[in-house]
Structure formats: structure tokens, C-alpha cells
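Enquirer: Below are the C-alpha cells for one structure; questions will follow.
All of the numbers you see were taken from the coordinates with simple rules; none came from a lab. Being a predicted model, the structure only gives us computed values, none of them experimental. Cβ atoms come from the backbone with ideal geometry, glycine included; neighbour counts cover every protein chain shown.
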Amino acid sequence: MNTTSSKTSPRQMSLTPRWTETIVMAFQSVAKVKGGLIGAVFISIMLVSALCAQWISPYDPNAQNIVQRFAGPGASHLLGTDYLGRDILSRLVYGCRIAVLVAFGSVTLSSVVGVFLGVMAGYNEGKKFDYFIIWLFDIVRSFPQIILALAIVAVMGPSLVNVVVALAFTAFPFYGRIARAQTLSVKEADYVKAAEAMGQKPLTIILRHITPNIMAPVIVCLGMDMATMIIWESGLSFLGLGVRPPTASWGIMLRNGYKYIQVSPWMILWPALAIALSMIAFSLFSEGLRVALDPKERER
């Protein structure tokens, strides 16, 4: 019998990162919440549409047919056509790809940067690094997020990557503040003190013991923020600062539909409905996450 492994195994098990376990348990719990399940189903549809757009869409989203411009919903074009005769359903499906890329890309980038800086600041509470990070958060948050995003995209130029970077830059202090506040309480826990007594490096303690245990509120905020990112990307594209035409985007479809709202109201109806449903879905999903990750809510 290996006495060394038997002595260290319990300690290793208690200090093992719980990233995968936390994510799996969260999604299993969300499925038990009615609103969360509905949101999860719609988000899954969005993901499938984004990944399989070229197989799902009945037409090329940029294929023009002037003869059938402003055609109403029918057998050949289920949702009608726009002012260039392009199939609205196909553009709606491909626009879902842009919405998913912007939502997941900007939220992932902002949360990774924000959580890392917030945890580092909280772990070094009262030091110069902590004050510098708080000062950085305050500077970014002092500007209205949408105004700051507009300024960044206007300077960098309209493109999908620039939109993701701009939205991520405006949102990372939000996650940083949450991470810092959670770290201030978690770092006093017994398992963190035990890791410090064992001589583990601060970066190891932060990544293995603190960060996995502060992710519950961050995960809830992720779902809420994705809905915001979708509406902001649509707003930037509506103003001509998002993705460039003829790329299919819900915001560009709204802008084109607004010009011809009296001639072809369905041009603006379908993208507006898609944006509204996606926001509702992410809101329901985040609410399901909140209930799933809150022990008091699960007991009810």
C-alpha cells in the first residue's frame, strides 16, 4: 500500500479545481428551472443556427433578385425579401452568427480580463496594485458604456473584431469589481490559508483555489451581459459602426428595414423580433443560473 498517496490524496482532492464540475452542475440545475430551460433551448437554437447557417439557410444571404424585391412572406421566401430581393430568413440566420460571435466573444474577453484583474486586486488588498486596478476600473466606468464603445469603434473603424474589442473594454470593470468583492471574502477561507501554509505560490492559489469558488455570481452576470452585447452590436450596426455591409447583421437589417418601413414592414419586423427574443432568452437563462447557483433558491 502506498502510504504517501493515501496521505496526500484527501488534501489533493480538496484543492482540485472545480471548473468543469461547477459548469456541469450549473447547467443541470438550470434545466430544472422552467424559465431557465426555455432560455437554454432558445440559446441552443441560436448556437445551432450560427454553426450551421450555411446548411440551414435556404438561400445565399447576399444573393440579389431585383425582380422579387419587397416580396411578402410566401412559399418561396418564408419571411419575404428585402429591397434588393435578398431572402430575409437567410439573412436572419446568418445574422444570428454575428450576434453569437459578438455576444460570446465580447463577454468571454471582458470576463477573463476582468476576473483576473479583480482577483489579483482582491488578493493584494491595500497594496499599490490594488489601488491601481480600482483606479483603472473607475476611469473606464466613469464613461457611459455605449458612448465609450461608439468612440472606440469610431477610432478603430467598423469591423466585427473592433466591435468585440470595444464592447469587451467597456464591460471588463464590471466583472473585475464582482471578482474583487468575492475574493476579499474567499481569501480568508480555511482552504486558502492551508494552501498558503503549504507554501504554494500566490498565482497557484488564485487560479486553483480562489477563482473557481467565486465564479457563481460571475456566471450569472455572463448570461445577463450577453443580451446587452447583442442589443449594442445591433445598435452599432444600425448606426453604421458595426460589421460592414453586405454582411448579414440584425442591426444592418433594422437600418435597411427602417428606410422602407412603409413599403415593407416585415423587413424590420423579423430582425426586431429576433433581437427581442434573444434578449428574453438570455435573461431567462441568467435567472435560471441565479436560482441554480443559489442554495437558498434551490431549497424552495
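Enquirer: What is the local net charge at ASP130, summed over the other residues whose Cβ is closer than 14 Å to its Cβ (Lys, Arg +1; Asp, Glu -1)?
Expert: +3
Enquirer: Over segment 199-300, what per residue volume does the convex hull of the Cα atoms give, in whole Å³?
Expert: Dividing the Cα hull volume of segment 199-300 by its residue count gives 125 Å³.
Enquirer: Let me ask you something else. State, as an integer percentage, the relative contact order of the chain based on alpha-carbon contacts under 8 Å between residues 6 or more apart.
Expert: Relative contact order, the chain: 26 percent.
Enquirer: In Å, the Kirkwood hydrodynamic radius of segment 176-220 over pairs of distinct alpha carbons?
Expert: Every distinct Cα pair counted, the radius reaches 10.7 Å.
Enquirer: Also, I was wondering about something else. Calculated from DSSP H runs of 4 or more alone, at -39500 (n - 2.57) each and per residue, what is the 222 nm mean residue ellipticity of the chain, nearest 500?
Expert: That calculation yields -23500 deg cm²/dmol at 222 nm.
Enquirer: On alpha-carbon atoms, Rg over Rh for segment 127-235 using Kirkwood Rh?
Expert: Taking Rg over the Kirkwood Rh, I get 1.07.
Enquirer: In addition: Count neighbours as other Cβ atoms within 10 Å of each site's Cβ, and list the trypsin sites (Lys or Arg not before Pro) in segment 39-129 that are DSSP loop with at most 11 such neighbours.
Expert: LYS127
Enquirer: Give me the net charge for the shell around ILE275: Cβ to Cβ below 15 angstrom, other residues only, Lys and Arg +1, Asp and Glu -1.
Expert: Net charge in that neighbourhood comes out at +2.
Enquirer: Binned at 10 Å from 0, what are the whole-percent values of the Cα-Cα distance distribution for segment 35-150, short to long?
Expert: 12, 25, 22, 19, 12, 7, 2
Enquirer: Take a quick pass over the chain and tell me how many lysine pairs come in under 16 angstrom between Cα atoms, counting only ones 8 or more apart or on separate chains.
Expert: Lysine pairs, 8 or more places apart or on different chains, close enough: 4.
Enquirer: Can you run the Rg to Rh ratio on segment 94-159? Use alpha carbon positions and the Kirkwood inverse-distance Rh.
Expert: 1.09
Enquirer: Please compute the alpha carbon radius of gyration of the chain, then divide it by the globular-protein estimate 2.2 N^0.38 Å. Two decimals is fine.
Expert: That ratio works out to 1.20.
Enquirer: Of all the stretches in the chain, which is the longest one without any exposed loop site, taking GluC sites (Glu not before Pro) in a DSSP loop (any state but H, G, I, E, B) with at most 15 other Cβ atoms within 10 Å?
Expert: 1-124
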